[in-house]
Amino acid sequence: MLLKKSKDQKHATGSKVKKGWRLIKRFYQDYVAPFKGKTFTIWVLHVLFAVALIAPPFLFKELIDKGIARKNLHLVFCIAAVIIGVFVFVAFVDKLRSFWGHVIAQKITYNLRNDLYSHLQKLSFRFYDNIKIGELLSRIIDDLNVVQEVIYHGPENIITNGCMIVFTGVMVFYLNWKLALATLLIMPAIGVCSYIISMRMFEGAREVRKKKASLASRVEDNLSGMRIIQSFVRESYEMQRFDRENRGHYNSRIKVIAPMSWLFPLSILILGISLTIAISYGGYQVIEGTMTIGTLTAFIMYLQRFMWPLIAISMVSERVMRFLAGIERFFKYMDIHPDIKDAPDAITLKEVKGDIQFKDVWFKYDKEVILKGINFHIHPGETVALVGPSGAGKTTITRLIPRFYEPYRGKILLDGIDIRKIKLRSLRANIGIVMQDDYLFSDTLLNNIAYGRLDASKEEVIEAAKQANVHQFAKEFPEGYNTQLGERGVKVSEGQAQRISIARAILKDPPILILDEATSSVDSETELLIQEALEKLMKNKTCIVIAHRLSTILRANRIFFIENGQIVEEGTHEELLKKSGRYAHFYNLQFNPNSKIILKQRL
Ligand code: ATP
């Protein structure tokens, strides 16, 4: 049993090491190899730095034994000058390796961030449905900070300290092998202590990262929902939830601090013991006349240069593991393949007429089937209103047209072409979407509208703004179209925000328009202005409107009444009312003032 366990453990460690090597190899090939010349030069500088630091103790030995002891002042000054020269060289090498090493590390991290961001942009709505943005942010920023730190300090630590240990080890044995043996007996203790401490710190650091990520996601969630928290007076409830996360983070930090606080006291103790052995036994040899005072001085200097690198290098495993954990998560995100992407033979659309067909479309987000065999054909220039109870699947239908999600059965055709055979950029460029709560960026009003078409001239933007009835309020803004909107700028009302997003769509001027009509009530004058803007926007376009207003429904060429993921009725308003079916019932409840009065009386 024991044998089996240890075999299993060996196997697990073996596969972890293999995995670690695979990650490092991939990281090297993808990100370090482009800078291999510079990286190699920096590694050579690390070696030079260590070599140069070996010289001073030996020079001090010569200075004491041959200069001071023999009262040769000329030699004292000469050796002192050489020592200064060596330190100037050390400082110069250190400056070079530090500057270029950090620059390369920054460049590699810059590339990592760019690649990750570019990849995240390709991932579909489904990925973002299942991810906590706060957690993702914390992972990207924290993990990549660790990676960046290790890219420079990892090799620096291993190469410089490795060289120092080898060179100073050789020197102490060269100077006095008996003294070297006596003082270095304590060495294994340093190795074992530092290794145990670094492992504890690594375990703790993993916990810290997890807790930090969940704290970040709680903060993100709460700050985004602060208005709801305050309106439901849930501050103390949320404070408790926040405190739980914060405490978890605090406790995890303490777990790292505990082993860390042992590191230096233990190192100082061990160094103190070995220095005492060196001074006592070395002093004895000096008194006996078997060793010079200069050799003892040099020996003690080498001993210190041996101990500190030994402590530092035994901590390297912790850094390497943190680095591996960081790049593992980085590659985990990079390896998520976008579930919606261009087919190899995808085409770019030229002239789009706006003919949309759903053929037996079935869709689910998770397990539950949301759309159950949707069939329809919308002709170019037609306006179709999607009407139905909440949660029926209206928004979902509209999300499938720009391929934000993919149906698991059936197909969708645009101008007779399967949308999976159209390049995503081309498909989406031909569809304008105006949602109830379209996002306004923290940018100028001008740029917010120009988002619809980045190459539009200022005149075109203003023309779109005029058509969307934005111009009236834009003129009132302190800096007109250059007024900053959003967090650090002017706050716009709901009605104004809707008109800005309509202006965006007018500027884009796509042949197909998807419109989620606002449910929120605005005053009747604003309502009129929005209606007017929408009418201009919808002209000569194929429009699919998730309709909440009677006026839109009446103006639509056809109405699809959606219930429980199916189109249960289809026709014009009059036709459907005549039918006295589900739509008529819904209409009476929703829009007919008489039936509302009757309903109230019944209640
Ligand atoms: P409403 O009029 O209230 O906006 P709707 O008819 O537009 O409703 P959809 O938004 O299409 O309805 O939602 C249909 C169903 O799909 C609902 O049960 C909803 O909970 C579910 N749903 C919507 N979006 C997602 C998502 N991103 N992940 C999982 N389920 C979702």
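Residue by residue through the stretch 291-301, which ³J(HN,Hα) values in whole Hz follow from phi under the Karplus form 6.51 cos²θ - 1.76 cosθ + 1.60 (θ = phi - 60°), with glycine and proline marked x?
For the stretch 291-301, the Karplus curve yields 8, 8, 5, x, 5, 4, 4, 4, 4, 5, 5 Hz.
For the chain, what is the accessible area per residue in Å², given a 1.4 Å probe and the full set of protein chains?
Per residue, the chain has an accessible area of 55 Å².
Check the straight Cα-Cα distances from Lys364 and name the aspartates and glutamates below 12 Å, setting aside those fewer than 8 residues away within the same chain.
Lys364 reaches Glu406.
What does the charge add up to near Asp360, with Lys and Arg as +1, Asp and Glu as -1, over the other residues with Cβ less than 9 Å from its Cβ?
+3
How much of the DSSP bridge set in the chain is antiparallel, in percent, rounded to the nearest 5?
Taking every DSSP beta bridge within the chain, about 50 percent pair in antiparallel fashion.
Add +1 for every Lys or Arg and -1 for every Asp or Glu among the other residues with Cβ under 15 Å from the Cβ of Phe89, and state the total.
Around Phe89, the surrounding residues sum to +1.
Just tell me the longest site-free run in the chain, where the sites are GluC sites (Glu not before Pro) in a DSSP loop having at most 11 other beta-carbon atoms within 10 Å.
So the longest stretch without any such site is 1-350.
Given the rule -39500 (n - 2.57) for each run of at least 4 DSSP H residues, summed and divided by the residues of the chain, what is its mean residue ellipticity at 222 nm, to the nearest 500 deg cm²/dmol?
Counting only the DSSP helices, I get -21000 deg cm²/dmol.
A 27 angstrom limit on the alpha carbon distance is what I want to check against. Which of Lys25/Lys107; Lys18/Lys212; Lys350/Lys508 exceed it?
Lys18/Lys212
Ile370's amide H: which non-local residues (gap 5+, or another chain) put their own amide H closer than 5 Å, with H modeled 1.01 Å from N in plane and none for Pro or chain starts?
Phe363, Lys364, Tyr365
Would you tally the net charge around Arg409, using a Cβ to Cβ cut-off of less than 14 Å, leaving Arg409 out, and scoring K and R as +1, D and E as -1?
Taking every other residue near Arg409 into account, the sum is +2.
Would you kindly derive the ³J(HN,Hα) couplings of the stretch 242-253 from the backbone phi angles with the Karplus curve 6.51 cos²θ - 1.76 cosθ + 1.60 (θ = phi - 60°), listing them in order in whole Hz, with x for Gly and Pro?
Listing the rounded values in order: 5, 4, 4, 5, 5, 5, x, 5, 4, 4, 5, 5 Hz.
Please state the shape class of the chain: rounded when a/c is under 1.5, otherwise prolate if a/b exceeds b/c and oblate if not, all from the C-alpha gyration tensor.
Note, shape of the chain comes out prolate.
Looking at the square roots a ≥ b ≥ c of the eigenvalues of the Cα gyration tensor of the stretch 129-214, which shape do they give, rounded for a/c under 1.5, prolate if a/b is larger than b/c, or oblate?
Note, shape of the stretch 129-214 comes out oblate.
What is the percent carbon and sulfur in the accessible area of the stretch 83-233, measuring with a 1.4 Å probe over the protein chains and ignoring ligands?
66
For the stretch 533-572 and the stretch 148-222, write down the distance between their C-alpha centroids in whole Å.
First find each Cα centre; the distance between them is then 67 Å.
Loop-only trypsin sites (Lys or Arg not before Pro) in the stretch 217-246, please: DSSP not H, G, I, E or B, and at most 15 other Cβ atoms within 10 Å.
Answer in residue order: Arg234.
Past 30 Å, Cα to Cα, is the threshold; run Lys353/Lys578; Lys458/Lys541; Lys19/Lys411; Lys353/Lys536; Lys95/Lys210; Lys341/Lys491 against it and keep the listed order.
Over 30 Å apart, Cα to Cα: Lys353/Lys578; Lys19/Lys411; Lys95/Lys210; Lys341/Lys491.
Once you order the gyration tensor axes a ≥ b ≥ c over the Cα atoms, which shape class does the stretch 57-173 get: rounded for a/c under 1.5, otherwise prolate or oblate by comparing a/b with b/c?
Cα axes put the stretch 57-173 in the prolate bin.
How large is ³J(HN,Hα) for each residue in the stretch 210-218, as worked out from phi by the Karplus curve 6.51 cos²θ - 1.76 cosθ + 1.60 (θ = phi - 60°), to whole Hz, x for Gly and Pro?
For the stretch 210-218, the Karplus curve yields 4, 5, 5, 5, 6, 5, 4, 6, 5 Hz.
Taking amide H positions as placed 1.01 Å from N in the peptide plane, with prolines and chain starts having none, which residues 5 or more places from Asp516, or on another chain, fall under 5 Å of its amide H?
Close amide H contacts, sequence-distant or interchain: Val434, Met435, Gln436, Ile546.
Please give the charge dipole size of the stretch 326-474, origin at the Cα centre, charges +1 on K and R Cβ atoms and -1 on D and E Cβ atoms. Round to the nearest 20 debye.
440
The values are calculated or read from the model by the stated rules, or taken from the named source; none is laboratory data. Everything numeric in this text was worked out from a predicted model, so none of it was measured. Neighbour counts are summed over all protein chains in view; Cβ atoms, including those assigned to glycine, are modelled from backbone coordinates with ideal geometry. Only protein heavy atoms, including side chains, enter the accessible area calculation; ligands, DNA and RNA are left aside. Shrake-Rupley method; radii C 1.70, N 1.55, O 1.52, S 1.80 Å.
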